[in-house]
Amino acid sequence: MVSRPPNAILLNSIPLFLVVWLLPASAPLASAASWTVHTQPARLVNGAPVLFQAKPPQRLASLSGSWLGHEISFSFDAKSKTWFGLAGVSLETEPGTYALELSGEPIAGKSPGTKISFSRKFAVARGKYPKIKVALSVEGKFTEPNPEQQKQIEAGQQIKKDYLNRVTPDREWSGSFSAPAAAGISDVFGSERIFNGKTSSPHLGLDFRVPSGTPVAAMNDGTVLLARPLYFEGNFVVIDHGQGLLTLYLHLSEFKVKEGEQVKRGQIIGLSGGTGRATGPHLHVAVRWQGTYLDPAALIRLELP
Ligand SMILES: [Zn+2]
């Protein structure tokens, strides 16, 4: 929201010539106000996705943005006449205010070659994530790997480095993301756990309480980027939804898709299991946006065009 100019309050109590003198100062505010930019959800927190919705002051051919060092591609929703772009705030982002910069290209004919821009700071609050003081026991091979296991771990790390930071330009997702399974949640995103007495890094996914063999559904349309076993992840499926947004499905007992295959939201991509580093059968799903993990539950809550 554009803040009200402080002089507006005084207008009734000052002579007319002063009002005329004060008016030009508020002119830049008027042009900034002709953009309408909203976020969903209204309150931004670290670790959560955010949908930016923008109504520019004139018709545009394209709109792009930058936010927390990331590029955001915007699409036009003809129904609401609104441009929308999906982005996120990394878990490591400190509370504060951060600028969204938008740059729009007007449609041909209307002031060609001149871009219109918008900039506004949005507040990011600290998300509330639980600390779980439970000592989970995992097999020794995961905490003290032998040289052969170490090789497998490094191979997995290389594959993730090669694939998980990719940004394919075209958006494949459309509409809201759906839950990959109809089941209860056994662990939320961002919780801090203790493995064999040692505090591990925060939980970067969402765990569904499902027995082995439960069908696992694609959360939205996309292309299968990975469908292969890795050391920690077990049987691992990654779907690329475009624009740097990926969903990850871990510990599967069975694959139902192949790499390169296009999938639709709700399509069964595998069966749940307990492969890789898992204390038992469950489904761990993760959401990655341009190299950072976001809360899958918060993504599912967004109402997307
Ligand atoms: Zn998990």
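Among the residues of segment 184-224, those that are under 27 Å from GLU261 (Cα atoms), within 12 Å of the ligand (Cβ to nearest atom) and part of a strand (DSSP E or B) comprise LEU206, ASP207, PHE208. In a residue-by-residue description of segment 60-82, the property of being touching a helix residue (DSSP H, G or I) at 6+ places or on another chain (Cβ under 7 Å) and closer than 25 Å to ALA125 by Cβ applies to no position.
Checking each residue in segment 157-183 for being of a type outside the set (A, V, I, L, M, F, W, C) and either touching a Lys or Arg at 6+ places or on another chain (Cβ under 9 Å) or outside any helix (DSSP H, G or I) (or both) picks out ASN165, ARG166, THR168, PRO169, ASP170, ARG171, GLU172, SER174, GLY175, SER176, SER178, PRO180.
Among the residues of segment 93-133, those that are in a loop (DSSP other than H, G, I, E, B) and under 26 Å from GLU192 (Cβ atoms) comprise THR93, GLU94, PRO95, ARG126, GLY127, LYS128, TYR129, PRO130.
Against the list (1) away from the ligand (no atom under 16 Å from the Cβ); (2) surrounded by 13 or more Cβ atoms within 10 Å (Cβ to Cβ); (3) free of Cβ contacts under 8 Å to residues at least 24 places away in the same chain, the condition ILE153 fails is (3).
Since every read-out is calculated from the coordinates, none of them should be taken as a lab result. This is a predicted model, so every value here is computed, not measured. Glycine also receives a Cβ, built like all others from the backbone with ideal geometry; neighbour counts cover every protein chain displayed.
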